[in-house]
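Every read-out reported here was derived from the displayed coordinates using simple, explicitly stated rules and does not represent laboratory data. The shown structure was predicted, so the numbers you read here are calculated from the model rather than taken from an experiment. Here the Cβ positions follow ideal geometry from the backbone for every residue, glycine too, while neighbour counts run over all protein chains shown.
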Ligand SMILES: Nc1ncnc2c1ncn2[C@@H]1O[C@H](COP(=O)(O)OP(=O)(O)O)[C@@H](O)[C@H]1O
Ligand SMILES: [Mg+2]
């Protein structure tokens, strides 16, 4: 199930622009790792390299390696579509398929994978919606459009859609930035539950959120606009927020910049 991510010497480019430089880190299975750092330091860019979404951007390429347990994600033998199935992603703005029903939104990935049995789909949709803490709110209107849900419900629907295909890793890029505080807490609770099954990486600009939900925190920074972002420090979340080793981390978490 949940897998370890091991990144070594990763450089990430948009054409000739190096957006992220020289990142190495390990993400342990069944844990939550938060990425923090000022806007533009490459958090989203780096996150997208963990499921080969970066390369779909024209000019997007990487150097270095990303291992998922014993599998090299960038090996020529790897099918990027399979990688994205194994490493699911939830985006900043909830993006349910607007014309699809709640049921079909959750079932979409499984259908793409060739699951046809109504019974299998029905069971998996319920399990995923329960897993995303949304079942009780939607069980009586599964045939209604996903777009009719509130923002927080839509984001949980997207999480249900992501976990329905049983990924091993879940990447979340500022999943609460479009949500109100109550929905944000619901998602944070959910992250706490999901980590017993998945390896979770979350980008957040909210340091309280990083402190609340994550086991490890990685601080990224960039020396100046136009320079690549770098990983400054990764450590236990409690350590990053109470006793970071780098001055730049200390300045950032104490609100002196960023
Ligand atoms: N599609 C793109 N094409 C070219 N440059 C990009 C693209 N997306 C992001 N960048 C650049 O890469 C750098 C890192 O951006 P991003 O990963 O979005 O940072 P963050 O998520 O930390 O705010 C920035 O300089 C940004 O302008
Ligand atoms: Mg971003």
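A compact table of results
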item: Degrees between helix 181-194 axis and first principal axis of the chain (Cα, 0 to 90, nearest 10); result: 90 degrees
item: Virtual spin-label span in nm between residue 122 and residue 99, 7 Å along Cα→Cβ; result: 2.7 nm
item: On Cα atoms only, tilt of 102-112 relative to the major axis of the chain in degrees; result: 70 degrees
item: Angle between the chain longest axis and helix 151-164 axis [Cα atoms, degrees, rounded to 10]; result: 90 degrees
item: Mean Cβ neighbour count within 10 Å, used as a protection proxy, ranking 240-250, 71-81, 2-12 highest first; result: 2-12, 240-250, 71-81
item: Region 115-258: antiparallel DSSP beta bridges as a percent of all, rounded to 5; result: 60 percent
item: Cα gyration tensor shape for region 92-165, rounded if a/c is under 1.5, else prolate or oblate; result: prolate
item: Relative contact order of region 5-253, pairs being alpha-carbon contacts under 8 Å that are 6 or more residues apart, as %; result: 27 percent
item: Ranked list, fewest to most other Cβ atoms within 10 Å of each Cβ, for 119, 144; result: 119, 144
item: Fraction of beta bridges assigned by DSSP in the chain that are antiparallel (%, nearest 5); result: 55 percent
item: Potential extension, residue 108-residue 79 segment - 0.36 nm per residue separation minus Cα distance; result: 8.5 nm
item: Between region 196-246 and region 1-50, the Cα center-to-center distance that results, in Å; result: 11 Å
item: Ascending count of other beta-carbon atoms within 10 Å, so fewest first, for 214, 196, 177; result: 196, 177, 214
item: Alpha-carbon Debye profile of region 158-248, log10 I(q)/I(0) at 0.10, 0.14, 0.18 Å⁻¹; result: -0.30, -0.58, -0.90
item: Sorted by Cβ density within 10 Å, fewest first, the residues 251, 173; result: 251, 173
item: Kirkwood-type radius of the chain, with distances r between different C-alpha atoms, in Å; result: 18.8 Å
item: CD proxy at 222 nm, helix term only [per DSSP H run n ≥ 4: -39500 (n - 2.57); per residue of the chain; nearest 500]; result: -10000 deg cm²/dmol
